[in-house]
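Participant: Dropping a structure here in structure tokens format, bear with me for questions.
The values are calculated or read from the model by the stated rules, or taken from the named source; none is laboratory data. For clarity, every value in this text was computed on a predicted model and none was experimentally measured. In this analysis, Cβ positions are derived from the backbone assuming ideal geometry, glycine residues included, and neighbour counts consider all displayed protein chains.
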There are 2 protein chains.
Amino acid sequence: MKRTVFFISDGTAITAETLGHSLITQFPGVEFDQVRMPFVDDLEKCGAAVKAINQASQRDGAPAIVFNTIVDESLCSVINASEGVMLDLFATFLSPMEQALGVAHEPTVGRAHGVANLDRYEHRMEATNYAMNHDDGVSVDFRDADLVLVGVSRCGKTPTCLYMALHFGVRAANYPLTPEDLDEMRLPSFLRRYRHKLVGLSIDPERLSQIRQTRKPDSRYASPRQCRMEVDAAANLLRMEGITTFETTHASIEEIASRVLLQLGMQREMF
Amino acid sequence: MKRTVFFISDGTAITAETLGHSLITQFPGVEFDQVRMPFVDDLEKCGAAVKAINQASQRDGAPAIVFNTIVDESLCSVINASEGVMLDLFATFLSPMEQALGVAHEPTVGRAHGVANLDRYEHRMEATNYAMNHDDGVSVDFRDADLVLVGVSRCGKTPTCLYMALHFGVRAANYPLTPEDLDEMRLPSFLRRYRHKLVGLSIDPERLSQIRQTRKPDSRYASPRQCRMEVDAAANLLRMEGITTFETTHASIEEIASRVLLQLGMQREMF
């Protein structure tokens, strides 16, 4: 069974798609054809959206499902007149929120993923630059870091740092434990002094070998033996130093980032 | 008026927070205290959540608002017994979806932001590495790029590329137009040959000067005059070459990324 879902918004459609993804993952037996329609903010674009919804519904032989986060009610009513099944975030939740808060909402478009607060936004950009400049041992001056991820090369540090910087404005640095560090069996002094900011990442050695293999095929670096040695030595070192370590093998960037922030007690508002 | 909102989930709580943010931005007159509670996946953690909700409600003198994306119904019922006002994504939308699809949902935790599909996930990681390695002119071999952002230094190319790679698995490269490129008034040949992949970013010269000022204070690079010259020359060059250009001054990363993908007709499923 194939069904079409639309993510429609007057802004980026990121909220609509996030909401929609969470819900469609609960129906693993259905194959979904996904269509994103951002910036649907006038009657003409609404008309085009309705046409697309109706065409998909006819093609599938069943109504398309529409996740809608358009704020303007008159534009929403245009979309509502389509053949699709409408799941409308604002229509559904604004009224219980108004009741709970005792005030009416003030409709404004694109606030969720726009530049709401310039200071906060600059902090976010600054954190992203910080993560870029403190990636992979490029700079090991961690005095301004909010946190430092440590682990062997290719265990998932870089994307996790970028994610935390982009979405939580966290100055996330990372440092790859080198075979030399592992031989010494102690953290380099530039890390030790920031021990309270350190979080370890670990990975299954076989998985690590696969990942390194695509990067440097048939190298010693990618060999299962080398990977096993490094992963074991890193685990010992981090345990000895009392550093909390998370397993990344089956975790997504979002899961690792959420666990790291929870571990460090960092309550940052998400972008 | 101050009110506490909770984002509670058995997974990362990213969906709950995204949903919640979109809704609370519609109430600009209310000050919200935001509490994220990810990985609430057993009775003990639910009990702790209820306690926190009740304490916040008593402190505020009004019930906390709870955005809940816990899948398990028995855990949800524990949270429901708190003093908070419950806005429950799954309880609200699963039933209309089941009706529309004609099948029951299969409850599974953490699918929305987990590693659902290893191939897709690896593609995402690969795209992130690609963006890191094709940032800021480091490599100008764009043959494998899905797109290349061009514009003057510090106009927003890097964070936008990282965002597109992390969230859409897009191999997004970028190239900073140098004063030398602008003097020549033509694109370097390694860019010209991929003209169909190019998108320009532009920025207000005064804003650019502020941004560069924090990076290299009192430099020629940051001077309003230099910024104005570069921005004007880049605009002329991109217009002459027929390259669509987006203004970044008042746009967020998410907005720029969404517009770029829409422009290039790239329908990628979001991570």
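Participant: Under the condition of being assigned to a loop (DSSP other than H, G, I, E, B) and among the polar types (S, T, N, Q), which residue from the range B:106-148 is nearest to B:Met270 (Cα to Cα)?
Facilitator: The selected residue is B:Asn117.
Participant: Which helices (runs of 4 or more DSSP H) sit wholly inside the range A:2-85 and have at least 1 residues that are more than 12 Å from chain B (Cβ to nearest Cβ), surrounded by fewer than 24 Cβ atoms within 10 Å (Cβ to Cβ) and touching a residue at least 24 places away in the same chain (Cβ under 8 Å)?
Facilitator: A:43-60, A:73-80
Participant: Inside the range B:255-271, can you point out the residues that are within 9 Å of another protein chain (Cβ to nearest Cβ) and either modelled with pLDDT under 95 or under 16 Å from B:Lys197 (Cβ atoms) (or both)?
Facilitator: B:Ala257, B:Arg259, B:Leu261, B:Leu262, B:Gln267, B:Arg268, B:Glu269, B:Met270, B:Phe271
Participant: Is the range B:234-254 home to any residue that is facing chain A (nearest Cβ under 10 Å), buried (at least 18 other Cβ atoms within 10 Å of the Cβ) and not in a loop (DSSP other than H, G, I, E, B)?
Facilitator: Yes, the range B:234-254 contains at least one residue that is facing chain A (nearest Cβ under 10 Å), buried (at least 18 other Cβ atoms within 10 Å of the Cβ) and not in a loop (DSSP other than H, G, I, E, B).
Participant: How many residues does the range B:137-187 contain that are polar (S, T, N, Q) and in contact (Cβ under 8 Å) with a residue 60 or more places away in the chain?
Facilitator: Counting residues in the range B:137-187 that are polar (S, T, N, Q) and in contact (Cβ under 8 Å) with a residue 60 or more places away in the chain gives 2.
Participant: Under the condition of being within 26 Å of the chain's Cα centre (by Cα) and β-branched (Val, Ile, Thr), which residue from the range B:99-112 is nearest to the other protein chains (Cβ to nearest Cβ)?
Facilitator: B:Thr108
Participant: Kindly evaluate A:Pro96 against the criterion of being over 30 Å from B:Glu122 (Cα atoms), within 11 Å of chain B (Cβ to nearest Cβ) and in a helix (DSSP H, G or I).
Facilitator: Yes: the conditions hold for A:Pro96.
Participant: Turning to a different aspect of this structure: Given the residues A:Arg220, A:Arg228, A:Arg239, which is the only one that is touching an Asp or Glu at 6+ places or on another chain (Cβ under 9 Å), of a type outside the set (Asp, Glu) and without any contact (Cβ under 8 Å) to a residue 40 or more places away in the chain?
Facilitator: Being touching an Asp or Glu at 6+ places or on another chain (Cβ under 9 Å), of a type outside the set (Asp, Glu) and without any contact (Cβ under 8 Å) to a residue 40 or more places away in the chain holds for just one of A:Arg220, A:Arg228, A:Arg239, which is A:Arg228.
Participant: State yes or no: is B:Phe246 of a type outside the set (Gly, Ala, Ser), touching a residue at least 40 places away in the same chain (Cβ under 8 Å) and not assigned by TED's automatic domain parsing to the domain that holds B:Asp141?
Facilitator: Taking the combined requirement at face value, the residue does not satisfy it.
Participant: State which residue is surrounded by the most Cβ atoms within 10 Å (Cβ to Cβ) when the search covers only the range B:177-197 and only residues that are outside any loop (DSSP other than H, G, I, E, B) and in contact with a helix residue (DSSP H, G or I) (Cβ under 7 Å, 6 or more places away or on another chain).
Facilitator: B:Leu177
Participant: Is it the case that B:Asp119 is modelled with pLDDT under 95, acidic (Asp, Glu), more than 21 Å from A:Glu122 (Cβ to Cβ) and over 18 Å from the mean Cα position of the chain (by Cα)?
Facilitator: Criteria met by B:Asp119.
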